[in-house]
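Chemist: Dropping a structure here in structure tokens format, bear with me for questions.
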Amino acid sequence: MFEPPFDSAHPQRSAILRCAADALERTDYDVLKVRQVAEAAGVSMRTFYSHFESKVELMLTLLRGDIADRLRDMHNIVAAHDDAREQLRGLMHYVVGISTDRATYGQVRCYVDPSLEAEAPDEMYRIVSSWLPVLEGIIRTGAEQGVLHSADPARDAQLVRYLIQGYLRDLRTERRTVEAATVAEELFHAAVRLLGGADGAAGSSS
């Protein structure tokens, strides 16, 4: 679930964020009510709007905090490996893990909520694309190491992103029950093939 940090200087704002995070574990963004969040936080509507001008701003604040945590995790994964293929494998396991784990599925769902995307398209694009530089860096490193091939790492990072999104979407549509580790390995090998690397040359996942 979302884990907004407590700000002792703004306890009411922190309470609003926490109650919104809790509510989003049980309901979708489009049916979430501001009054519902305010009542759960024990604040008036006036107080709510003194901290957040809209439900959209509240949601974007949660997502910005969450993606910052995710990016730290991703950078740690990259730093743990020298081989770009192992960096890519670790990233695939991380992304698939948070996308399929019951404990994190609620917040991940918010990143692809069509109502939120329609209300704040530019900001949502910036948020959901903020991890692409990590992927681009892996691809660039792989090209320098000679284990991946890419003339345009930025473009190829987008292609790998689409590969991940499409695979996970199809998996949910087909309602297939597949272990997250298996999905991550399938995506890893597909990405390596897409990037013209030596499929399966990197070590097995731990």
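What follows draws every value from the coordinates through simple rules; no lab data is involved. Source: prediction; values computed, not measured. All Cβ positions, glycine included, derive from the backbone under ideal geometry; neighbour counts span all protein chains shown.
Chemist: How about segment 1-80: which trypsin sites (Lys or Arg not before Pro) there lie in a loop by DSSP and see at most 10 other Cβ atoms within 10 Å?
Modeler: R26
Chemist: Under the Karplus relation 6.51 cos²θ - 1.76 cosθ + 1.60, θ = phi - 60°, what is the ordered set of whole-Hz ³J(HN,Hα) values for segment 161-168, x standing for Gly and Pro?
Modeler: Once θ is set to phi - 60°, the couplings for segment 161-168 become 4, 4, 4, 5, 4, x, 5, 5 Hz.
Chemist: Further, regarding this structure: List the GluC sites (Glu not before Pro) within segment 24-113 that fall in a DSSP loop (any state other than H, G, I, E or B) and whose Cβ has at most 11 other Cβ atoms within 10 Å.
Modeler: Hits after loop and neighbour filter: E53.
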